[in-house]
1. Straight-line reach from A:Lys184: which lysines have Cα under 25 Å away, leaving out those fewer than 8 places along the same chain?
2. Setting aside same-chain residues fewer than 8 positions from C:Lys146, which aspartates and glutamates have a Cα under 19 Å from its Cα?
3. For a quick check: sort B:Met1, A:Met285 by the number of other beta carbons within 10 angstrom, fewest at the front.
4. So, in nm, how far is label B:Asn50 from label C:Gln267 when the simple model puts each one 7 Å beyond its Cα toward the Cβ?
5. For every helix of n ≥ 4 consecutive DSSP H residues, a contribution of -39,500 (n - 2.57) applies; sum these over chain C, divide by its total residues, and give [θ] at 222 nm rounded to the nearest 500 deg cm²/dmol.
6. Quick one: order A:Phe7, C:Phe115 by neighbouring beta-carbon count within 10 Å, fewest to most.
7. What residues from region A:343-361 fall in the zone where the backbone N is under 17 Å from a label point 7 Å along the Cα-to-C-beta line of A:Glu271?
8. Using a ≥ b ≥ c from the Cα gyration tensor of region C:20-99 (square roots of the eigenvalues), is it rounded, prolate or oblate, where a/c under 1.5 gives rounded and otherwise the larger of a/b and b/c decides, a/b for prolate?
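Readers should treat all values here as calculations from the given coordinates under stated rules, not as data from a laboratory. All of these numbers come straight from a predicted model, not from anything done at the bench. Neighbour counts are summed over all protein chains in view; Cβ atoms, including those assigned to glycine, are modelled from backbone coordinates with ideal geometry.
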Amino acid sequence: MPEEEVFLQGNEAVVEGALRAGCRFYAGYPICPSTGILETMVMRLPEVGGTVIQMEDEISSIAAVIGAAWGGAKAMTATSGPGFSLMQENLGYAVITETPCVIVDAQRSGPSTGQPTLPSHGDIMQARWGTHGSHSIIALAPSNVQECYDLTIEAFNLSEKYRTPVVLLSDGELAHMRERIVLKDLPIVNREEFPKGPVTFPLGEELGGVSPFPTFGRGHRTHVTGLTHTIVGYPSESIEVQTKLLTRLIGKISDNRKDICKYEVHNPKAEHLIVAYGIPARSAMELVTERADIGLFQPLTIWPFPSKAFRRAAEGKKSVLVVEMNEGHIFREVERHACRAGVEEIELCSKLGGGIPAPEEMLDCISAMEGE
Amino acid sequence: MKIINKDYCKGCQICVEVCPKKVYSEGTEISDMGYLVPLVTNYDKCIDHNQIKKGKKPICELCILSCPDQAIIDDSYGD
Amino acid sequence: MENFQIYREDRWPHMFCPGCGIGTVMSCFQRAFLNKGLDLDRTAFVSGIGCSSRLAGYVYADSLHTTHGRALAFATGLKLAQKDLEVVVFTGDGDLGSIGGNHFIQACRRNMDLFVVCVNNNNYGMTGGQVSSTTWHDYLTTTTPKGNPEYPFDLSRVAATSGANYVARYTTAHPKQLVRVIEEGLGKKGLRFIEAWAACPTYYGRYNKMASPVEHTRWLKENSIHIEQMKVDGKTAEDDIDLQVTGKVTIGVLRDADRMSYLEAIQR
């Protein structure tokens, strides 16, 4: 497909990314600041032969998306804070049933209704642990409109490759921000279809962790359940079966960090290191371009956390500053890896209240650490 | 003949209740699953048995449809 | 007729209690499905959580056993992604009428092209017999030990007034009628709702003086009244919304309309 230069909002860029990735079903419920995605989808998706439906709530939106995925469509929903809370149970259902789908959370400030149109990164931990039970998840965090486009495609690709839900953690600022971007012709991963006919051999482990997908309506006659299930898909109460299932589901993501994790490192030789994702990473870039002594580690993949890459980046640093628009969701993850990398000074620059951390605030934190 | 599959029957006795011709009666033996499996004691009276004898299609089938365990079959049905 | 033409016999005997009406609904559904000559490869089954929702796992077809109350939402997505697939939803009174109540109303309102079978046993069987939104007033459950102070939902009336194209209700004491309405509904478009009242002797029955499957089946028969008989008796649809008026549940085809279905509307 030809590349095109356009001027888009973050929400619109997500839609364009989804369409390029092959998304053909969207279900959603209006909620700020993600509503633009629903409205843009209503205009754009039918043009490429896809279907959009506004459901009665966020629970049914993600449910419809999972249903559509089993019907063979690449499917997506988008929401914000309260809606993301409502989706948690079915997010877990997508995990255990290994349903490829994409959930965009344009984060807003919470808890509860909070600040509907202001940005926040308060859902980082919810994306990781919001649904109950032991599991792994993939979550990506863009920091500008271009990354909204790129990472939406990446989210679809990862969801297809690993048969798993992928969360794209945008925010209120990105959602409404308008920038010039390139609609790049990025590689697309398509769903691998299960061999024709009924599912007669084991799903999953004998196939190296991720099984091809037995789309409904093609004669596979497969049973899909949120219950712990055996390799043929039947429910089981066995401890052994559950252990094997969870080990595989967790392993297929955590064992493939190297393939899944994307990150950027700027000024690798600097003595101070900032860790930032999302909008704060943009502020940090300003510092990094001006100051050779300050570096930036920006995880594009938040979950699983790119721990090895981070440790390499943190080695020999005088200090590590984590900048977050929450009370420190990634901070402890960073702290333990920075400690292992031998860093002594590790601090958090936390901005609550719906504002974006300015470069000066980061600088103040670094100075304070040096002063101690 | 109506045959009750002892591996599936859970002894609910609904067939005994619903049959208008009293083809079934309460059993006397406990199955391996631990249930009292009814007996087919009046097959001659069975409506569908008589239908099939006349070369007609079954019209009753109350026992087969009502059986919650899919345990009843009639081996005289053609297809 | 063989008993396992659409079911996974390798999973028999099934998990349902002795005398559980769900099994009867299974037999009736199979018969109607075969009569209709539908293709299992082109039919998908979706269910929620609860005893009746386990039904999907016994059908030898593509089946999605989902989360509590959300079956209709999953089914909506599946149907819209593959519009020529027949999508059948198996659900229960707790799944559909309580936790999934809004999805139920909305799916009926959209007249979504789904075939819904609700096995209504008037209580939560899977968790041990708690009160549900269809438990009769004053009836006993583990969570209403002094009798249910609330009044029940009439699921079929909810479906009919919300806009479902076809609504029929029978009990497991009426298997032949159930076959007939399932068969009739399968041939229609839009949302088709079949409510099958079913015996739950283990819980609802045991707490309410009808512990044996036979007693419970008799109760179903004695406590239901055909819609045509209601008309003869001079009773109106309003009368049977409150089940206490007649003391009986109305059975029969309660709505047979030809409203434009969701798919028809979006494909115009």
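1. Correct list for A:Lys184: A:Lys74, A:Lys161, A:Lys258, A:Lys262.
2. Candidates past the 8-residue exclusion: C:Asp138.
3. Final ranking by Cβ density, sparse to dense: B:Met1, A:Met285.
4. 4.8
5. That comes out to -9000 deg cm²/dmol.
6. A:Phe7, C:Phe115
7. Counting backbone N atoms under 17 Å from the label point, the list is A:343-347.
8. Oblate, since a/c reaches 1.5 and b/c is not below a/b.
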